[in-house]
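Below is one structure, written out as structure tokens; the observations come after it.
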Amino acid sequence: MCGIVGYVGSREAAPIILDGLKRLEYRGYDSAGIAVLSDGTIGLRRDVGKLINLERMMTEEPLRGSVGIGHTRWATHGAPSRRNAHPHVGATGEVVVVHNGIVENFPDLRDELSAEGATFNSETDSEVIVHLVERYLSLGHDLTEATRRSLAHLKGAHAIVVLSNREPDKLVAARIGNAGGVAIGIGVGEMFVASDIPAILEHTRQMAFLESRQMAVVTRAGFECFTLEGAPVKLAINTIPYDPIAAEKGEYKHFMQKEIFEQPRAVTDTIRGRVDFESGRVSLPELNLTPEAAQALRRIVVVACGTSFYSGMVGKYMIEKLAGLPVEAQIGSEFRYAEPIVEPNTAALAITQSGETVDTLAAMEEARNKQATVWSIVNAIGSMAMRVADGYILMQAGPEIGVASTKAFTTSMVDQYLLACYLGQLRGTLKGRALRQAADDLARLPDLLGRTLERESEIVALARELKDVRHCLYLGRGINVAIAYEGALKLKEISYIHAEGYPAGEMKHGPIALIDREMPVVAIAVKDKIYEKMLGQIEQAKARGGLVVALATDGDELIRTKADRVLYVPECPPLLAPVVNVIPLQLLAYHIAVLRGADVDQPRNLAKSVTVE
Ligand code: AGP
């Protein structure tokens, strides 16, 4: 994940920025850079690899000054390199920008700016921002207005900080969606900006946090905050407890809540460096897969447990649709005792956040003993499942502390989408326009997640209604059956309410006998090819007196006449809809558990990694 640190005050900026970036290293990166303003000139140092390389550069060629910005980058558009590292500088050398997020419409913006004479020095999407700021400065706007106008052009979720020698004692910061936070640290005669609290906590515990579509003008005397529409905003000043764990939670009450809200940024990082959005081509080098081996593949068996198994159920649809390969998802603890038939040219795909789940590891071993190629999708770098596999795909979600898995679940589905595209490319089942469309759909995902998270308040209200229920039924169809299972698992594992996920079409074969006023039903009824069928299931549940909560697509008014409560999600490409649909269910389980006073991050009887049978 990218990290941002900015400083304006009376001390040397460079040491403060570099130390802050080091405190964000846990988020992972592949290049780093710093810009410091001194006597009207912006000095720039950038390098690939770890921060030690940048520090060495700074020792050899120091930058002196008391205003600066720094950045650690996960490569997205453009390989890790000095020219692609942030901060990005424009044509005049008067402006530098650091950026977290993906500029979804950067090809069009790049063409537009090039036509105006802009020369691009990198392959990154982020560079378009600095050229936009320069455009508006050249039209006579000040730095704040130039930044505000530039942001209006950007699609997607972003966090940025801008510095210019035209207004030397000023940083302009802004946030759109959930591509990473923007914390403003308040010091005495100095101010700080960072993408996460740990970077600046040693300097101040007084912090304010930008929300989506807000910007701040920061000087050594303090800061002013506005909406992107220009209306002044008064931000709350929080006192952060100097407790590293509390710092890690940041503005959130629990790790689980933080990790739910990190998902747009986590998914952005899962995508980073793996998709060329102009051609749509995906690259997954750690899979060690040749085109010949991909074309020889005949079947994929997914082996996983719990939430990761539900992720594999979604991946089945993605890979079958985009790669034309049969996929079967099997529970890890069953696979090894089922005497599974594994034909030649079968790949076993293990999905495991911890990479240490004993049932999944054993399933991997069983598959290998039967001559299958063994891949893994893991979050924990260096874990057993990563090391023993023939090839792997990292979730790149950052550490997941909450026992109830959230961002690992969504990023593992994104990894399978990437795998599906990659296999489709190599096998020739996905090319040209369809390949580009698949990548365009993926580029929309972080923003769709962010827009869904912005509806948390509606879910809190529903949680108050449901917090004392003793049972709950989750229904879905097709690709969303897995999300019904996952929604039920989230509720039962952190609130201890009995909850069950079920294929909606199966209700008439028995479970509908359960439905009464004491059995609320959560029905995933988004607009897809089996929407009409779900309406029927909702009517059947209503006819038996059940309270029905529908998960529906924005703009669907008909559903209001069928269900008692409706939670809306944005329209989403069908193969990626499960990634969005799970968000309200994660939040519902979280808020019900909080209202019940449950130990959300450490539920009873559960462990983050099940290393025993
Ligand atoms: C998820 O909320 C649960 N904590 C549990 O089902 C978990 O997904 C399962 O134990 C698998 O863990 P893994 O992904 O680390 O293998």
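Throughout, read-outs are computed from the coordinates displayed, never taken from laboratory work. Bear in mind that the values here come from a model prediction, so they are computed numbers and not experimental data. All Cβ positions, even for glycine, are placed from backbone atoms using ideal geometry, and neighbour counts span all protein chains on display.
Some notes on this structure:
- Scattering curve values for the chain, log₁₀ I(q)/I(0), Debye with Cα scatterers, q = 0.05, 0.08, 0.11, 0.12 Å⁻¹: -0.22, -0.57, -1.06, -1.23
- Applying the criteria of a DSSP loop state and at most 11 other Cβ atoms within 10 Å to the trypsin sites (Lys or Arg not before Pro) of the range 558-611 yields R604.
- Neighbour-count order for D599, D276, fewest beta carbons within 10 angstrom listed first: D599, D276
- Normalising the average separation of contacting C-alpha pairs (under 8 angstrom, six or more residues apart) by the number of residues puts the relative contact order of the chain at 11 percent.
- Restricting the range 455-512 to trypsin sites (Lys or Arg not before Pro) that sit in a DSSP loop and have at most 12 other Cβ atoms within 10 Å of their own Cβ leaves R470.
- Adding -39500 (n - 2.57) for every DSSP H run of four residues or longer, then dividing by how many residues the chain holds, sets the calculated 222 nm ellipticity at -11000 deg cm²/dmol.
- Over the range 332-456, volume per residue of the alpha carbon convex hull, in Å³: 128
- The three principal axes of the C-alpha atoms in the range 110-264 carry coordinate ranges of 50, 34, 29 Å, sorted with the longest axis first.
- Under the Karplus curve 6.51 cos²θ - 1.76 cosθ + 1.60, θ = phi - 60°, whole-Hz ³J(HN,Hα) for the range 101-115, x wherever Gly or Pro sits: x, 10, 7, 4, 9, 5, x, 5, 5, 5, 4, 4, 6, 4, 5
- Total charge dipole magnitude, the range 25-172, about the Cα centre, Cβ charges on Lys, Arg, Asp, Glu only, Debye to nearest 20: 300
- Over 32 Å (Cα to Cα) - which of K316/K508; K431/K529; K249/K431; K22/K407 fall in this group: K249/K431
- Trypsin sites (Lys or Arg not before Pro) lying in DSSP loop within the range 289-338, provided at most 11 other Cβ fall within 10 Å: R298
- Evaluating 6.51 cos²θ - 1.76 cosθ + 1.60 at θ = phi - 60° for every residue in the range 309-321, the Karplus couplings come out as 5, 5, 4, x, 5, 6, x, 3, 5, 5, 6, 5, 6 Hz, glycine and proline recorded as x.
- For the chain, the longest site-free run once chymotrypsin sites (Phe, Trp or Tyr not before Pro) in DSSP loop states with at most 11 other Cβ atoms within 10 Å are removed: 338-613
- Contact order normalised by residue count of the range 320-456, Cα under 8 Å, 6+ apart, percent: 22
- Once backbone amide H atoms are built at 1.01 Å from N, D30 has R73, W74, A75 as its partners under 5 Å, excluding neighbours fewer than 5 places away on the same chain.
- Placing unit charges on the Cβ atoms only, positive for Lys and Arg and negative for Asp and Glu, gives the chain a dipole magnitude near 640 debye about its Cα centre.
- Each residue of the range 405-410 is assigned a 3J(HN,Hα), and the resulting list reads 6, 10, 5, 5, 5, 5 Hz, derived from the Karplus form 6.51 cos²θ - 1.76 cosθ + 1.60 (θ = phi - 60°), x at Gly and Pro.
- Distant-in-sequence amide H partners of A350 (H built 1.01 Å from N, under 5 Å): V303, W375, S376, I377
- What the pair-distance distribution of the range 482-571 shows, using all Cα-Cα distances binned every 10 Å from zero, is 17, 52, 29, 2 percent.
- The chain - share of DSSP beta bridges that are antiparallel (%, nearest 5): 60
- Averaged over residues, the count of other Cβ atoms within 10 Å places the peptides 547-558, 282-293, 149-160, 351-362 in the sequence 351-362, 149-160, 547-558, 282-293, highest first.
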